[in-house]
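Written out below as structure tokens is the structure these notes cover.
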Amino acid sequence: MTSHGWYRLAPFRWDGKVLRRMELLGGKVVELAISATRGALRIEGAEDSAELRRRIARMFQLDVDIAEFLAMTRDVATHQWVEAAGFGRLLCGATLWEDIVKIIATTNVTWSQTVRMVELLVAKCGPGGVFPSPHDVARFSERELQDDCRLGYRAKSIHALANGIVRGEIDLEKISDPRQPTAELFASYKRLPGIGPYGAAHLLAMDGRHDFIAVDTEFRRFVRETYHGGRRVSDATMLRRYKKWGRWQYLAYWSELHGP
């Protein structure tokens, strides 16, 4: 999971062995320390509760069934390492709101800038170092978010998202209803402030749906260099390479990008 950069985004902190984050549980700020022993997660810093279990399940995609993908990798020489390595799940935020904000913070910037923006947003808006809620963010103006968190034009989208949720105009539970077919869910995500096809595909992956690849500069670079000798080719040509993976094509690409 640490091949996915979310572990570097506040309030996550990773020391190579333990993943830590501040979390608001039962009205109290706690520091979670999460580690793995023989494939089992060990959670320290908070008492067991339904709320904690929901958040951990989302963060580690514990409810996502990847058996079909793993079965497919066994027959592909370049992917036969996947199952033994325990690859196949992405680290997510504790809430959909957190992931939307972080995805907006990845657009048209370097990764180091994304890390810094999220760090500043948590420091300014998050009580006790937790990831701020929509209400926490809505307390500040777009200009304050832009200047103090270095969000640039992204402040407009994050501010609109937070205020839309607070006012009840944006219902994330309804928008992310898992009963929707993937294509409809993709369209629902694209209607969110600051979210286009790239962001919607990434959000789908965080739901465990890998039907769409989030096409960005890294995807184009990787496919050009790996399969086309560095030559420029169309996005459609690059995407066709992964069609054989069906609903697992984004995960197939991701495993190639972060292979052994």
Residues being more than 28 Å from Tyr250 (Cα to Cα), free of Cβ contacts under 8 Å to residues at least 24 places away in the same chain and surrounded by fewer than 17 Cβ atoms within 10 Å (Cβ to Cβ) - total across region 4-32: 3
Residues of region 203-252 satisfying the condition of being closer than 18 Å to Ala71 by Cβ, in contact with a Leu (Cβ under 9 Å, 6 or more places away or on another chain) and not acidic (Asp, Glu): Gly208, Arg209, His210, Trp245, Gln249, Tyr250, Leu251
Enumeration of residues in region 117-143 that are more than 19 Å from the chain's Cα centre (by Cα) and among the acidic types (Asp, Glu): Asp136, Glu142
Hits in region 144-159 (condition: in a helix (DSSP H, G or I) and under 20 Å from the mean Cα position of the chain (by Cα)): Arg154, Ala155, Ser157, Ile158, His159
One residue from Glu119, Glu98 being closer than 19 Å to Ile34 by Cβ and in a helix (DSSP H, G or I): Glu98
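Conditions tested, residue by residue: (1) surrounded by 15 or more Cβ atoms within 10 Å (Cβ to Cβ); (2) modelled with pLDDT under 95.
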site	(1), (2)
Val122	yes, no
Gly126	yes, no
Asp147	no, no
Arg150	yes, no
Ile165	yes, no
Asp177	no, no
Ser188	yes, no
Leu203	yes, no
Val215	yes, yes
Test: residue in region 44-62 that is touching a residue at least 60 places away in the same chain (Cβ under 8 Å), buried (at least 19 other Cβ atoms within 10 Å of the Cβ) and under 16 Å from the mean Cα position of the chain (by Cα): yes
Total residues in region 81-138, condition within 20 Å of Arg58 (Cα to Cα) and polar (S, T, N, Q): 2
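The values are calculated or read from the model by the stated rules, or taken from the named source; none is laboratory data. These numbers come from a predicted model, not from an experiment. Quick reminder, even Gly has a Cβ in these numbers, built from the backbone with ideal geometry, and neighbours come from all protein chains shown.
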